[in-house]
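A.B. asks: Sharing a structure here in structure tokens format.
The values are calculated or read from the model by the stated rules, or taken from the named source; none is laboratory data. This is a predicted model, so every value here is computed, not measured. Heads up, the Cβs are rebuilt from the backbone with ideal geometry, glycines too, and the neighbour counts pull from every protein chain shown.
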Amino acid sequence: MSSQKANSNNGPHISFKEFEVLFNQLKTWDQYTPATLERGALNYITPTITSASAKEVKTGETINLALAWNTVPGLDNQKPALHYMSEMTDVDDMEPKCNMDFIGVDFHGKAVTHMDAMTHISYLGKLFGGKDSKVEVTSQGSNWSTIDKLGPFVTRGVLLDAALMREVSWLEPGTAIHKEDVLAMESKFGFKIGEGDCILLHAGHHRRQKGHGMWDPSDFSAGFHFDVMELFKERKVSVIGADGDSDVRPSPVEGTHSPIHALALPGMGIPLLDNVYLEELADHCAQAKRWTFQIVVAPLNVPGGTGSPVNPVAIF
């Protein structure tokens, strides 16, 4: 397969006011009780849904979906992760001796596989459920819809292999995946997105990076067009992820840099998985001719956190 030529099919473009209308049409603030509101679309992952996802496990094969811990500065890694040895056996007189290390990371970026909690993004000053961001989020962290309240989840994963669908190795940055593309992938690959699913978009981001080198995807990336969100709401999707950060850029919305982030997090209460490594998963799915699997995602238990590094695991 070859790479897709650059294109600008991220239209139609809409104005900021038109997007505000769309946001209000799609937001799900009134679909949950006060007791369940903070978990948003994760409420769809019931014990029944989790149990049913075990039916996806046939061979017991596992695939790691996290990027390697990246301590090297680059165009897509402007805040590199930290890793250094804090203690080694040459300074310890007692037995047994210890080797110990430290890690640290500013994970909301383009180089760390992570999960966004709903409190990560505000739109017009509001968090998911209509909470005031300036009230709920302080320098000490957030009080609302935080990563520790979302916890680990196990559900069915669905790979949307947009690169394979278009018979290319990767989609060029700026390529949008529309609702019609998602429906076409359902038809071609033989699955149907359903309640509680974790949707992962494979655009070939890391394959392109390997072939052409790093670039800054902050303003130039393949991803979802906002018109997919109506479908994801209808199907009661619980989690959305991608090998980028789900948003197509340049943005098709005037004055809104990340419309998928705005619709998913503060609007629909759908957590996002950013920078997921999907190359091995895509190869496995194509070989096995099945694009559904069980997925396990366990964020760190960080009280007040707006998200967390994660190491998602696909199980076949």
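A.B. asks: Give region 120-134 a look and list any residue that's touching an Asp or Glu at 6+ places or on another chain (Cβ under 7 Å) and either touching a residue at least 40 places away in the same chain (Cβ under 8 Å) or surrounded by 20 or more Cβ atoms within 10 Å (Cβ to Cβ) (or both), or say none.
C.D. replies: If the condition is that a residue be touching an Asp or Glu at 6+ places or on another chain (Cβ under 7 Å) and either touching a residue at least 40 places away in the same chain (Cβ under 8 Å) or surrounded by 20 or more Cβ atoms within 10 Å (Cβ to Cβ) (or both), then Lys126, Leu127 are the ones that fit.
A.B. asks: Hey, among the residues in region 8-46 that are in a loop (DSSP other than H, G, I, E, B) and within 21 Å of the chain's Cα centre (by Cα), which one's surrounded by the most Cβ atoms within 10 Å (Cβ to Cβ)?
C.D. replies: So, considering only residues that are in a loop (DSSP other than H, G, I, E, B) and within 21 Å of the chain's Cα centre (by Cα), the one surrounded by the most Cβ atoms within 10 Å (Cβ to Cβ) is Asn10.
A.B. asks: From the set of residues in region 175-190 that are part of a loop (DSSP other than H, G, I, E, B) and within 20 Å of the chain's Cα centre (by Cα), which is surrounded by the most Cβ atoms within 10 Å (Cβ to Cβ)?
C.D. replies: Step by step, filter region 175-190, then rank; the result is Thr175.
A.B. asks: State all residues of region 244-256 that are out of contact with any Asp or Glu (no Cβ under 8 Å at 6 or more places or on another chain) and assigned to a loop (DSSP other than H, G, I, E, B); if no residue qualifies, say none.
C.D. replies: Correct list: Val248, Ser251, Pro252, Glu254, Gly255, Thr256.
A.B. asks: Can you name the number of the only condition in (1) part of a loop (DSSP other than H, G, I, E, B); (2) of a type in the set (A, V, I, L, M, F, W, C); (3) within 16 Å of the chain's Cα centre (by Cα) that Val302 fails?
C.D. replies: (3)
Rundown of residues vs (1) of a type in the set (Lys, Arg); (2) under 15 Å from Ala163 (Cα atoms); (3) in contact with a Pro (Cβ under 8 Å, 6 or more places away or on another chain), yes/no style:
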| site | (1), (2), (3) |
| --- | --- |
| Ile270 | no, no, no |
| Cys285 | no, yes, no |
| Gln294 | no, no, no |
| Ala298 | no, no, yes |
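A.B. asks: Glu234 fails exactly one of the following numbered conditions: (1) free of Cβ contacts under 8 Å to residues at least 12 places away in the same chain; (2) in contact with a strand residue (DSSP E or B) (Cβ under 7 Å, 6 or more places away or on another chain). What is the number of that condition?
C.D. replies: (2)
A.B. asks: Pull out all pairs, ordered by first then second residue, where Cβ-Cβ is under 6 Å, the residues are six or more apart or on different chains, the first lies in region 239-268 and is on the phi > 0 side of the Ramachandran plot and surrounded by fewer than 24 Cβ atoms within 10 Å (Cβ to Cβ), and the second is at pLDDT 95 or above and in a helix (DSSP H, G or I).
C.D. replies: Gly255/Phe16
A.B. asks: Right, another one. For region 271-290: of the residues being in contact with a Leu (Cβ under 8 Å, 6 or more places away or on another chain) and among the hydrophobic types (A, V, I, L, M, F, W, C), which is nearest to Thr113 (Cα to Cα)?
C.D. replies: Selected residue: Val276.
A.B. asks: If you don't mind, another one. Working only within region 84-114, note down all residues that are among the hydrophobic types (A, V, I, L, M, F, W, C), exposed (fewer than 10 other Cβ atoms within 10 Å of the Cβ) and assigned to a loop (DSSP other than H, G, I, E, B).
C.D. replies: Matches in region 84-114: Met94 only.
A.B. asks: Tell me whether region 1-10 contains one or more residues that are modelled with pLDDT under 95, among the hydrophobic types (A, V, I, L, M, F, W, C) and touching a helix residue (DSSP H, G or I) at 6+ places or on another chain (Cβ under 8 Å).
C.D. replies: Yes, the conditions are met somewhere in region 1-10.
A.B. asks: Moving to a separate point now. Identify, please: which residue in region 196-216 is within 14 Å of Val168 (Cβ to Cβ) and touching a residue at least 24 places away in the same chain (Cβ under 8 Å) and is, among those, surrounded by the fewest Cβ atoms within 10 Å (Cβ to Cβ)?
C.D. replies: Gly211
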